[in-house]
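What follows is a structure written as structure tokens; I'll ask about it next.
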Protein chains: 2
Amino acid sequence: MPNEKMYAFGAAPSAIREIFEYGNRRRAEIGAENVFDLSLGNPSIEPPESFMRSLKKHLESDNALSLFGYTSGPGAAPTRKAIADSIKRRFSFEAEPSDIYMTCGAAASLTITLNALCDEGDGVVLLAPFFPEYRVFAEKAGARVSVVKCKAPDFQPDIEALSAAIDKNTRAVIINSPNNPTGAVYGEEVMRALASMLESKQKEFGRDIFIIADEPYRELCYTAAPPYIPALYANTVVCYSYSKSLSVPGERIGYIFVSPRAHDAKRIFAAVCGAGRALGFVCAPSLMQKVIADCVYDTSDISKYKENRDLLLKGLTDTGYEVSPPDGAFYVFMKCLEPAATAFCERAKKYEVLIVPGDSFGGEGYARLAYCVDKKTIEGAIAGLSRLYKEYEQEK
Amino acid sequence: MPNEKMYAFGAAPSAIREIFEYGNRRRAEIGAENVFDLSLGNPSIEPPESFMRSLKKHLESDNALSLFGYTSGPGAAPTRKAIADSIKRRFSFEAEPSDIYMTCGAAASLTITLNALCDEGDGVVLLAPFFPEYRVFAEKAGARVSVVKCKAPDFQPDIEALSAAIDKNTRAVIINSPNNPTGAVYGEEVMRALASMLESKQKEFGRDIFIIADEPYRELCYTAAPPYIPALYANTVVCYSYSKSLSVPGERIGYIFVSPRAHDAKRIFAAVCGAGRALGFVCAPSLMQKVIADCVYDTSDISKYKENRDLLLKGLTDTGYEVSPPDGAFYVFMKCLEPAATAFCERAKKYEVLIVPGDSFGGEGYARLAYCVDKKTIEGAIAGLSRLYKEYEQEK
């Protein structure tokens with residue numbers, strides 16, 4: 001009786017949510033220290049000092065009506081300026097406050113951008129493995145989704161396969177680097193090739209094709225930083241969130257940056273404002289907008305994620321697991337010991353190790369391990385997965 | 001090139017926004033104290049002490065990762081429980097935490113509810129005058145909008161006209177009481193008649209018809225409180241926001257309450273969860289969810305709005321204007337001195353009085369005066385409107 005599609009989106013069991021609830025039950029039964037839960041991409045490192053300091057400063061010195069009041073739809077002017085300035089300074093890329101639209105986080109950045117760019121039936125291409133909500137967001141925006149597999153084992157984009165998937169209806173390709181769930185960072189070379197391929201597809205079909213660069217993990221990078229996509233490809237819209245860089249995922253704060261080099265950039269920005277309005281986003285949360293303006297150059301202390309990454313990677317490869325070293329985010333995408341990832345992850349529960357089958361990310365035969373946890377949890381998970389490995393060996 | 005409809009929503013000049021910008025220019029030119037701006041529905045009374053106290057308490061004593069972390073999609077359990085308890089206690093109406101879905105404010109409550117309830121082409125009925133964003137939200141959800149005028153001068157629902165507007169495709173009627181822009185509070189008698197009419201329409205068409213009760217102004221009431229609609233009509237979904245009651249409109253925090261008496265209530269709740277997900281709402285802002293749990297029985301000191309209301313009402317009626325005393329919200333809906341409200345409001349600018357033509361609210365020939373301002377602004381506006389009245393008199 002309600003809208004069937006919305007009902008399905010709400011009622012569908014989510015692999016991650018189910019594992020999360022299983023974990024809660026096990027923690028209650030055997031104690032949290034005995035459960036090695038690598039299922040959730042939830043930051044485990046405190047926000048930086050500057051974030052807490054700014055929050056307190058605003059609460060102490062600002063007028064409450066202005067601090068908690070409406071900002072204009074696209075965001076508070078000083079915040080938009082701070083972000084535009086940071087883009088100029090960090091990426092040597094032109095950006096004005098009028099190119100920045102503040103959002104309630106990464107998901108909002110994506111739904112607003114998709115609704116602004118897509119007409120009913122337009123094509124949106126996803127590179128698998130991908131964050132499963134992309135499909136939900138794109139379909140709700142009326143788009144048709146097609147999926148192109150990245151190349152194992154390092155999960156870099158397959159330009160040839162991507163090229164074959166672009167047709168006369170394609171409106172956008174979502175690029176998520178550093179990637180959830182693989183941790184892959186798409187290098188400059190492959191991104192240049194991707195941009196040049198899209199340029200020629202635009203000419204071939206006489207139509208703008210956008211890169212939607214979903215970059216909540218940009219700051220979580222352990223080797224070279226990913227290239228700044230707007231510098232490589234004109235028709236780019238960047239979707240950003242401070243959830244991971246500042247460890248404040250519940251505060252729902254991010255932005256959309258419509259590259260001024262994009263064709264019809266001003267009209268696209270207006271459509272972003274219109275989509276934000278029509279989807280029910282009046283403005284991004286006001287207090288957080290003001291705090292963000294003070295923190296645009298800061299991140300949590302991600303050296304701890306790096307330690308976790310190295311520890312987990314070594315533990316898994318020493319055991320014998322096939323893992324491509326992830327350069328960013330806080331995930332390892334590991335090849336399971338049998339083709340059915342769900343069965344493998346189910347067996348890992350015997351050792352109280354909780355990991356997510358790759359299937360829901362479009363990465364069959366793999367499992368996602370989130371290492372945004374404490375060191376003991378990683379050590380316990382390695383021990384458990386090592387016993388599981390021996391089990392599989394004995395069955396050979 | 002972007003989505004044309006989203007572009008139109010973003011590029012369309014908004015009457016309120018244009019007046020707001022005109023006001024900013026005039027304030028810069030002649031000083032804020034000489035501009036009598038009654039154009040904006042922005043709270044002018046500080047949040048209650050309990051709000052600030054709770055905010056500081058959480059910042060001092062909570063763990064940052066949990067304070068700023070994801071809550072579950074429908075919201076933090078203690079917040080949902082506090083709200084459900086407050087509904088039980090305040091309205092003697094059954095409510096469980098599992099009936100409450102936390103949102104990023106009133107607009108989000110409405111878009112999520114509309115997307116959850118409506119299929120493409122379903123009818124949504126609005127009672128004019130109405131908040132103009134309703135049309136945007138409903139159309140984006142795929143609904144067809146029809147408008148039924150309320151009865152002047154007190155702007156109560158016209159049950160007969162409403163009954164005639166309900167057809168076999170109608171899915172919902174949006175009820176906004178206390179009303180923006182009229183300040184009308186729909187009384188118990190008319191709401192009972194409306195409920196009973198909808199009951200018989202449901203039977204006639206063999207189909208559920210919902211009341212979407214948009215109630216951000218419920219606490220801003222100067223005579224009798226409006227009846228609690230779920231107690232009168234089973235198929236009700238309440239959309240609430242703390243923007244006005246706690247004077248925190250920029251913080252984007254509210255809820256949806258799916259009445260447990262609604263047909264298929266559990267499925268509707270699942271569809272609400274699905275729509276929230278598909279529109280890009282991951283969870284409502286976390287810190288504010290925690291603060292709200294401490295403030296569900298509190299409001300700003302609305303006695304000041306009452307003083308403003310009485311002052312403005314007396315000033316206008318003494319002058320000779322036709323005004324029906326508004327019982328709630330912070331608006332007076334006044335009959336203009338000529339049929340063209342836009343021309344009348346334009347002439348008011350001569351006296352530096354800024355008011356919004358009723359046309360964009362579906363209330364032609366009227367103007368909205370927002371009295372959430374300080375006393376001096378109201379006095380200046382009365383003086384200016386009184387001179388304007390004399391001008392019109394002399395032209396007769």
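The values are calculated or read from the model by the stated rules, or taken from the named source; none is laboratory data. Quick caveat, the model's predicted, so the values are computed rather than measured. With ideal geometry, Cβ positions are generated from the backbone for all residues, glycine too; neighbour counts draw on all protein chains shown. The accessibility values were calculated without ligands, DNA or RNA, using every heavy atom of the protein model including side chains. Shrake-Rupley method; radii C 1.70, N 1.55, O 1.52, S 1.80 Å.
In whole Hz, with x marking every Gly and Pro, tabulate ³J(HN,Hα) for the stretch A:338-349 from phi via Karplus 6.51 cos²θ - 1.76 cosθ + 1.60, θ = phi - 60°.
3J(HN,Hα) across the stretch A:338-349, in whole Hz: 8, x, 7, 4, 4, 5, 4, 5, 4, 5, 5, 4.
Once Rh is set to the Kirkwood radius over Cα pairs, what Stokes-Einstein translational diffusion coefficient, in µm²/s, holds for chain B at a temperature of 25 °C and a viscosity of 0.890 mPa s?
112
Right, another one. Select from A:Asp99, A:Asp122, A:Asp62 the residue whose mean-square fluctuation is largest in a Gaussian network model of chain A (Cα-Cα springs shorter than 10 Å).
A:Asp62
Follow-up question, since we're still on this one. Just for chain A, what percent of DSSP beta bridges are antiparallel, to the closest 5?
Expressed as a percentage, antiparallel bridges in chain A total about 50.
Restricting to bridges with both residues inside the stretch B:188-286, how much of the DSSP beta-bridge set is antiparallel, in percent to the nearest 5?
55
If packing is taken as the average count of other Cβ atoms within 10 Å, what order do B:27-35, A:382-390 fall into, highest mean first?
A:382-390, B:27-35
From the phi of every residue in the stretch A:105-120, what ³J(HN,Hα) in whole Hz does the Karplus formula 6.51 cos²θ - 1.76 cosθ + 1.60 yield, where θ is phi - 60° and glycine or proline is x?
Running phi through 6.51 cos²θ - 1.76 cosθ + 1.60 with θ = phi - 60° gives x, 4, 4, 5, 4, 6, 5, 5, 4, 4, 5, 6, 8, 9, 9, 3 Hz.
Tell me the accessible surface of B:Phe210 in square angstrom (1.4 angstrom probe, heavy atoms of protein chains only), to the nearest ten.
It works out to around 0 Å².
In a shell of Cβ-Cβ distance under 14 Å around B:Cys239, excluding B:Cys239 itself, what net charge do Lys and Arg (+1) and Asp and Glu (-1) give?
So the environment of B:Cys239 carries a net charge of -1.
To continue, here is another question. Measuring nothing but label to label, 7 Å from Cα along Cα→Cβ, what are B:Phe205's distances to the other copies in nm, shortest first?
Result, one decimal in nm: 3.9.
Of B:Ser72, B:Ala106, B:His58, which is farthest along the charge dipole of the stretch B:17-126 in the positive direction, counting Lys and Arg as +1 and Asp and Glu as -1 at C-beta?
B:His58
What ³J(HN,Hα) values, in whole Hz, does the Karplus curve 6.51 cos²θ - 1.76 cosθ + 1.60 give for the stretch B:99-104 when θ = phi - 60°, with x put for Gly and Pro?
Listing the rounded values in order: 9, 10, 10, 6, 10, 7 Hz.
Please average, across the residues of B:248-256, the number of beta carbons from any other chain that are within 10 Å of each residue's own beta carbon, and give a whole number.
6
Same structure, new question: Can you tell which of A:Val190, A:Val237, A:Val272 shows the greatest fluctuation in a Gaussian network model of chain A with Cα springs below 10 Å?
Looking only at A:Val190, A:Val237, A:Val272, the largest GNM fluctuation is found for A:Val190.
Something else about it: Set the bar at 20 Å for Cα to Cα. Now go through B:Lys244/B:Lys266; A:Lys350/A:Lys376; A:Lys56/A:Lys304; A:Lys151/A:Lys314; A:Lys140/B:Lys5 and name every pair that lies beyond it.
Violating the 20 Å Cα-Cα cut-off are B:Lys244/B:Lys266; A:Lys56/A:Lys304; A:Lys151/A:Lys314.
Please build a GNM for chain B, connecting alpha carbons under 10 Å apart, and tell me which residue among B:Pro249, B:Pro78, B:Pro227 fluctuates the most.
Answer for the Gaussian network model of chain B: B:Pro78.
At a temperature of 20 °C and a viscosity of 1.002 mPa s, determine how fast the stretch B:268-372 diffuses translationally according to Stokes-Einstein, using the Kirkwood radius over alpha-carbon pairs as Rh; express D in µm²/s, rounded to the nearest whole number.
126
Which whole-number value in Å³ per residue fits the convex hull of the alpha carbons of the stretch A:83-233?
115
On a C-alpha basis, how far is the centre of the stretch A:294-372 from the centre of the stretch B:1-65 in Å? Whole number, if you could?
43
Starting from the Kirkwood Rh over alpha-carbon pairs, what translational D in µm² s⁻¹ does the stretch A:286-341 have by Stokes-Einstein at 4 °C and 1.567 mPa s?
So the translational diffusion coefficient is about 93 µm²/s.
Could you pull out every residue, at least 5 positions away or on a different chain, whose amide H is within less than 5 Å of the one on A:Gly105? Hs are placed 1.01 Å off N in the peptide plane, and Pro or chain starts have none.
A:Ile253, A:Gly254
Still on this model: Out of the DSSP beta bridges found with both residues in the protein assembly as shown, what percent are antiparallel (nearest 5)?
The antiparallel proportion sits near 50 percent.
Starting from the amide H of A:Val173, placed 1.01 Å from N in the peptide plane, find each other amide H under 5 Å away whose residue is 5 or more places distant or on another chain.
A:Val125, A:Phe210, A:Ile211, A:Ile212
Okay, moving on. Based on Cα coordinates alone, diagonalise the gyration tensor for the stretch A:194-265, multiply each eigenvalue by 5, take square roots, and list the semi-axes in whole Å, largest first.
Over the Cα atoms of the stretch A:194-265, the semi-axes work out to 27, 14, 8 Å.
What area, in nm² and to one decimal, does the C-alpha convex hull of the stretch B:26-165 cast on average over all directions?
14.4
From Cα coordinates alone, what are the radius of gyration and Dmax values for the stretch A:1-102 in angstrom?
Radius of gyration, then largest Cα-Cα span, for the stretch A:1-102: 21.5, 55 Å.
Between copies, how close do the B:Thr317 label points come, placed 7 Å along Cα→Cβ, listed in nm from shortest?
Result for B:Thr317, in nm, nearest copy first: 8.2.
Express the C-alpha Rg of the protein assembly as shown as a ratio against the empirical globular expectation 2.2 N^0.38 Å, rounded to two decimals.
0.98
Can you list residues whose amide H is under 5 Å from A:Val147's amide H, if they're 5+ apart or on another chain and H is modeled 1.01 Å from N?
Result for A:Val147 returns A:Leu126.
Taking a point 7 Å out from Cα toward Cβ as the label site, list the nm distances between B:Ser303 and the same residue in every other copy, smallest first.
Its label point is 5.7 nm from the equivalent points in the other copies.
If you don't mind, another one. Show which lysines lie in cross-link reach of B:Lys81 when reach means a straight Cα distance below 16 angstrom and same-chain residues fewer than eight apart are skipped.
Reachable lysines: B:Lys290.
Tell me the mean residue ellipticity at 222 nm calculated for the protein assembly as shown from its helices only (DSSP H runs of n ≥ 4, each -39500 (n - 2.57), averaged over every residue, nearest 500).
-13500 deg cm²/dmol
Looking at the square roots a ≥ b ≥ c of the eigenvalues of the Cα gyration tensor of the stretch A:350-396, which shape do they give, rounded for a/c under 1.5, prolate if a/b is larger than b/c, or oblate?
oblate
From the Cα gyration tensor of the stretch B:124-167, with a ≥ b ≥ c the square roots of its eigenvalues, which class applies: rounded if a/c is under 1.5, or else prolate if a/b is larger than b/c, or else oblate?
oblate
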